[in-house]
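Structure, as structure tokens:
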Amino acid sequence: MRKSWLMCVLLGTLAWGQAAPSAPPQPAQAPADTSASVAPDTAVITVIGVCPAQPKPAVAKGTAAKPATAAKAPASKTPPADCKTVITKAQFEKLAAAVAPNVTPQVKKQLAGVLPRFIGMSSEAKKQGLDKTDQFKQTVEFAKMQILTTALQRKIQEEAAKISPEEIEAYYKEHADTFEQFNVDRLFVPRTKQPDAESKEEDEKDEKLSDEAKKAKEAEEKTKADAAEQAMTKLAESLRARAAAGEDIAKLQKEAFEAAGMKIESPTVNLPSVRRTGLPPAHAAVFDLKPGEVSQVISDSGGQYIYKLNSKDHVTLEQATNEIHSKLQNDRTREMMDKVNNSFKAETNDAYFGPGGVGAAPPPRLPHPRPMPQTAPPAQPQTPPPAQPEAAKPN
């Protein structure tokens, strides 16, 4: 769970009322954390000049309350210079844990930096009676709703995270194909050839041609492009046959890029641990190959692909445990949040808010599964597959 909204408000006020920011400090090695050696009742923050809030005296049972008209004894006022509010380690850590669960040492420092100002300014605000205004009361009510909403989301997250080893094992067995892992070689053949320098110069000259000449030139270029695409398709089939005959895929990949006029380095052909979710659905036939077999040419908007399956095995239950836990927690969190959100509905007055009503509330933040590394397909036409694997989510 990320920091609560209250922590964001607290830290967001750090810049308020401050001088212009100075240049960012140079990164330095973090000092050793010695907070554990500080006793719980030791003062960690002392705000001098602000008297601590005095608790109201408890009325003993059976004692008659004083009449409202009784005279009050004059309260002894401590000079502000002698006043101080002391916050112990135990008090500070209790506040920090409530404001920002899983608080880090850096967040503790930020909270300690803003807290004295809050204490001092809120004390002065009370002296001026700002806590008695209707605006204050309405703001507090709204803040309570936000805090309770965050608390409920946190509780749902905690409940959803209670997943037993038996449940994880059951999911692993029910989704065995999800955890299959394949070692494949992938040969990428661009769909068309890259234009050469002469073609670019001719394009610049074409700007001066008449409309009729331009149309004729476009028709000619289309004919050339179609021929070039057919040539690359024929090359892909030839490379596929050579791959099936046992030629080195990396060598064939280099030839494909040279034939296409690609000036960039050819991509890595081996995908050592790809799973079924790591390739597009149109490429799924690759996973039905037997070790040593080569696929047919698979053509899509990105280009043409040829795969060779080297081997396949399974991600072990131990390796998949964290991934499955995150997946189940995510699903349960969504189910529990949907149940709460579906338990109520709102109706708004369009005459007041205007046409279209009010904006929809953003969905709650949910944890994302942490799957095993995968390799994603190219996102754009004529883009070679990435050399580095990317993450893919389980089904």
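The values are calculated or read from the model by the stated rules, or taken from the named source; none is laboratory data. Note that the structure is a prediction, hence the values are computed from the model and not measured. Methodologically, a virtual Cβ is constructed for each residue, glycine included, from the backbone with ideal geometry; neighbour enumeration extends over all protein chains shown.
Quick notes on this one:
- Residue in the range 130-141 that is of a type in the set (Asp, Glu), within 19 Å of Pro101 (Cα to Cα), in contact with a helix residue (DSSP H, G or I) (Cβ under 8 Å, 6 or more places away or on another chain) and assigned to a helix (DSSP H, G or I) present: no
- Verdict on Asn330 being out of contact with any Lys or Arg (no Cβ under 9 Å at 6 or more places or on another chain), at pLDDT 95 or above and either part of a loop (DSSP other than H, G, I, E, B) or closer than 30 Å to Gln157 by Cβ (or both): yes
- Looking only at the range 155-179, and only at residues there that are in a helix (DSSP H, G or I) and of a type in the set (Gly, Ala, Ser), the one that is surrounded by the fewest Cβ atoms within 10 Å (Cβ to Cβ): Ala176
- Boolean, Gln146 is touching a residue at least 60 places away in the same chain (Cβ under 8 Å) and either touching a Phe, Trp or Tyr at 6+ places or on another chain (Cβ under 8 Å) or among the charged types (D, E, K, R) (or both): yes
- If you check Leu148, Leu152 for being closer than 30 Å to Ala97 by Cβ and surrounded by 14 or more Cβ atoms within 10 Å (Cβ to Cβ), only one passes: Leu152.
- Residue satisfying all of: in the range 95-134; touching a strand residue (DSSP E or B) at 6+ places or on another chain (Cβ under 7 Å) and of a type in the set (A, V, I, L, M); surrounded by the fewest Cβ atoms within 10 Å (Cβ to Cβ) among these: Ala112
- Among the residues listed as Lys263, Lys345, Lys339, the single one being exposed (fewer than 14 other Cβ atoms within 10 Å of the Cβ) and within 30 Å of Ala225 (Cα to Cα): Lys263
- Verdict on Ala379 being closer than 30 Å to Leu252 by Cα, of a type in the set (A, V, I, L, M), touching a helix residue (DSSP H, G or I) at 6+ places or on another chain (Cβ under 8 Å) and at pLDDT below 60: no
- If the condition is being modelled with pLDDT of 95 or more, of a type in the set (Ser, Thr, Tyr) and more than 29 Å from Thr277 (Cα to Cα), then the range 142-176 contributes only Thr149.
- Among (1) farther than 24 Å from Val44 by Cβ; (2) assigned to a helix (DSSP H, G or I); (3) among the polar types (S, T, N, Q), the one test that Gln110 misses: (1)
- Filter pass, Ser299 being surrounded by fewer than 19 Cβ atoms within 10 Å (Cβ to Cβ), under 28 Å from the mean Cα position of the chain (by Cα) and not in a helix (DSSP H, G or I): no
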